[in-house]
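Report on the following structure.
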Amino acid sequence: MIAVSIPAAEPQAAARSPDKAHTVFRVEVLCNGRRHTVAKRYSEFQALHKRIKKTCKVPDFPPRHVPNWMPKVLEQRRQGLELYIQGVLYHNEELPQDVLDFLKVQHCQQDPKASRPPAGHLPSQRPVIGFCTDPYAQPLGTDLLPDTVLSGVLQGLYIPPSCSPSQAVPQAPGLPGS
């Protein structure tokens with residue numbers, strides 16, 4: 001399973017020419033429990049998109065914005081690229097070698113639906129231990145109004161299938177059902 005995020009976009013000044021500055025996106029890749037980071041420019045994402053768009057399912061590619069040095073624009077681009085690369089991973093069970101090379105991954109199993117439980121194996125909502133009454137709740141006092149929230153929570157948590165709701169939580173005198 002491959003998980004990818006882009007936590008940061010870092011402007012880089014060019015060594016030779018200040019007008020050739022660019023942004024580097026830090027791509028974090030988690031594959032089979034191992035994490036590594038790859039630095040990529042927008043143009044590298046764009047080149048990957050051009051190579052793979054005819055051979056696999058790809059989401060829309062985020063557009064280039066100008067000016068690209070504004071923090072808000074950089075953040076939008078970072079989010080767009082992150083959604084793009086995550087979409088490529090999610091929609092393709094068999095990843096092209098271009099994507100694996102881009103992420104610098106050699107061997108990794110890719111099953112985008114692996115994190116979901118199978119449809120028939122959802123966690124059970126039944127209580128493990130059931131009580132007809134809460135052993136820790138104090139007996140009803142002389143309050144004029146019942147604690148409706150407490151009664152509802154106790155009914156929701158402690159009614160096993162063999163108890164009826166009237167047995168589960170004692171009712172205050174004068175209320176319906178008591």
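The values are calculated or read from the model by the stated rules, or taken from the named source; none is laboratory data. Note that the structure is a prediction, hence the values are computed from the model and not measured. Because the Cβ atoms are built from the backbone with ideal geometry, glycine has one as well, and the counts that use them run over all protein chains shown. When the accessible area is computed, the model is the full protein with side chains, heavy atoms only, and any ligands, DNA or RNA have been set aside. Shrake-Rupley method; radii C 1.70, N 1.55, O 1.52, S 1.80 Å.
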Check: From the list T37, T55, T23, which residue is assigned to a strand (DSSP E or B), open to solvent by 70 Å² or more (accessible area, probe 1.4 Å) and either of a type in the set (S, T, N, Q) or under 25 Å from H91 (Cβ atoms) (or both)?
Finding: T37
Next item on the list: Using the structure shown, decide if H107 is within 20 Å of I2 (Cα to Cα), open to solvent by 100 Å² or more (accessible area, probe 1.4 Å) and either modelled with pLDDT under 85 or in contact with a Lys or Arg (Cβ under 7 Å, 6 or more places away or on another chain) (or both).
Entry: yes
Checklist line | Residue list for the range 75-101, filter: among the aliphatic types (A, V, I, L, M) and at pLDDT 90 or above | finding: L81, L83, I85, V88, L89, V99, L100
Next item on the list: Answer yes or no as to whether E93 is of a type outside the set (S, T, N, Q) and not in a loop (DSSP other than H, G, I, E, B).
Entry: no
